[in-house]
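Scroll down for the structure; my scribbles are underneath it.
Nothing in this text is a laboratory measurement; each read-out follows from the coordinates by a stated rule. Remember, it's a predicted structure, so these values are computed and weren't measured experimentally. Heads up, the Cβs are rebuilt from the backbone with ideal geometry, glycines too, and the neighbour counts pull from every protein chain shown.
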Amino acid sequence: MVVPRRVAVPLIVAGILVPIGLAGCGSSYSSDGGGSNADRYDTTTLTAKAGSVTISMMNPSSTGMPHGIAVQGNGVDKDGPTVQPGGTSTVTVTLKPGTYTYYCPVSGHEAGGMKGILTVTA
């Protein structure tokens, strides 16, 4: 996905607003990491330029559960804070060109489908 310059939505990548939120809210997760009716990010592919990249994910009040945002891959593994409904989780990382995974770091949420691919270009 090519990141649009201005869209009034809750995920920010490298200072550019792009559409992401949660779809299928109101889910339940099991303690073994499996999930049913999993919440999912509504955008599962993102693109950013190499360098300092900031990703912010707003957790809509309607989710009824905590969520967050994290980035992993190519030696990077950094979590933003887990936030309650209505809050915003933000993580800033310095990234080289390559492919990374962004996901919800709450136990069981990534396994339940809350993840996507971030492609970083030169």
(message) Give me the residue from the stretch 50-66 that is in a strand (DSSP E or B) and touching a Pro at 6+ places or on another chain (Cβ under 9 Å) and, out of that set, surrounded by the fewest Cβ atoms within 10 Å (Cβ to Cβ).
(response) Ser56
(request) Any residue in the stretch 107-120 that's crowded, with 18+ Cβ neighbours inside 10 Å: show its pairings with residues that are small (Gly, Ala, Ser) at Cβ separation under 6 Å, as long as the two are six or more apart or on different chains. (result) Gly108/Gly33; Gly108/Gly35; Gly112/Gly35; Gly112/Ala38; Gly113/Ala38; Val120/Ala48; Val120/Ala50; Val120/Gly98
(message) Restricting to the stretch 67-88, name every residue that is in a strand (DSSP E or B), within 12 Å of Tyr103 (Cβ to Cβ) and in contact (Cβ under 8 Å) with a residue 12 or more places away in the chain.
(response) His67, Ala70, Val71, Gln72, Gly73, Lys78, Asp79
(request) Filter the stretch 37-63 for residues that are free of Cβ contacts under 8 Å to residues at least 60 places away in the same chain and touching a Ser or Thr at 6+ places or on another chain (Cβ under 9 Å) and give the result. (result) Asn37, Gly51, Ser52, Thr54, Ser56, Met57, Met58, Asn59, Thr63
(message) With the structure loaded, tell me whether Thr82 is in contact with a Gly (Cβ under 6 Å, 6 or more places away or on another chain), over 19 Å from Thr47 (Cα atoms) and crowded, with 18+ Cβ neighbours inside 10 Å or whether it fails that test.
(response) yes
